[in-house]
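Written out below as structure tokens is the structure these notes cover.
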Amino acid sequence: MSKKLPVLFIGHGSPMNAILDNSYTKALKKIADEIGRPEAILVVSAHWQTRGTYITYKDEPTQIYDFYGFPEELYNIKYKPKNCEKYSKIILEELKGENIKSTNEWGLDHASWAVLIHMYPKADIPVIEMSLNILLDEEGHYELGKKLYKLREKGILVIGSGNIVHNLMNFREEIDAEPFKWAVDFDKYISDAVKYKQHDKLINYKNVGKIAQLSVPTDEHYLPLLYTAAMQWEKEGAEFEYEGIQNASMSMRCIKIE
């Protein structure tokens, strides 16, 4: 049996981070150095929403540039892992009975490759992506996340890739713009809930009111956190590998649970 791997939540933010060298991207490299080389990686992506839960099933997944109007340098980045189908089969087998489907019609969007280009730049580890089922509520996503726990014992690194705070309406061009107070407050509220294993607060984040509405105007970037939290076993702690808010309204907090 493989050694049990940690589980991660990575705040991925703007695609521009893929070509930047800053404290955030350095933290991603450090996380990968600490973990070492997994057999495969499963990314629960904020950028793939479906009716039902799907995983990619393609030996060489298509790289998706799911953004517009960015510098050409970003579109020139190539991230093309191979031999992924084998691990798609393993994941489907391990999650048999959970109604997980497979498709070759999706690939790796920037929630995956813009993060992994810093963590495992050689692209020599198989990568599978998992979608967010729009038919599930927060509790449903959390419960499905629990089922992924067994993958940690199979050499598969599970990453929830989103953002705790993600408000594009209030996005500022300057990456180091002063964060909005509501963004800081909500990020702190959620990080405390992670730290003290108050998963009910994570699931019921909307109960916080106005700061939750501003921080999570749409839920797709928040939901991957529920998958990560759900895989936290009783005696496991959470480490904040990176803390910070970019562009005033985007939490880049990265969490490692082990």
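Of note:
- Positive-pole candidate from 112, 167, 75, dipole of the chain, charges at beta carbon: 112
- Sum of -39500 (n - 2.57) over DSSP H runs of 4+, divided by residues of the chain (222 nm, nearest 500): -9000 deg cm²/dmol
- Potential extension, residue 239-residue 82 segment - 0.36 nm per residue separation minus Cα distance: 53.5 nm
- Largest GNM mean-square fluctuation across 180, 171, 70, computed for the chain with C-alpha springs under 10 Å, falls on 70.
- When the chain is treated as a GNM with alpha-carbon contacts under 10 Å, the residue of 220, 94, 60 showing the greatest mean-square fluctuation is 94.
- When both region 1-46 and region 118-138 are represented by their alpha-carbon centers, they are found 11 Å apart.
- Among the GluC sites (Glu not before Pro) in region 119-207, those placed in a DSSP loop whose Cβ has at most 11 other Cβ atoms within 10 Å are 173, 174.
- Length-normalised contact order for the chain - Cα pairs under 8 Å, 6+ apart - percent: 32 percent
- Largest GNM mean-square fluctuation across 40, 193, 248, computed for the chain with C-alpha springs under 10 Å, falls on 193.
- Cut-off 14 Å, label 7 Å out along Cα→Cβ of residue 103, residues of region 57-83 by amide N: 57-58, 62
- Here the dipole of region 147-233 is about 540 debye; that uses its Cα centre as origin and unit charges on the Cβ of Lys and Arg (positive) and Asp and Glu (negative).
- Looking at the chain, the DSSP beta bridges with both ends there are about 35 percent antiparallel.
- Peptides ranked, highest mean first, by Cβ atoms within 10 Å: ranges 181-187, 105-111: 105-111, 181-187
- Under the convention that each Lys and Arg Cβ holds +1 and each Asp and Glu Cβ holds -1, the size of the dipole of region 7-257 around its Cα centre is about 500 debye.
No value in this document is a laboratory result; all are computed from the given coordinates. Quantities reported herein were computed from a predicted structural model and do not represent experimental measurements. Cβ: placed from backbone, ideal geometry, glycine included. Neighbour counts: every protein chain shown.
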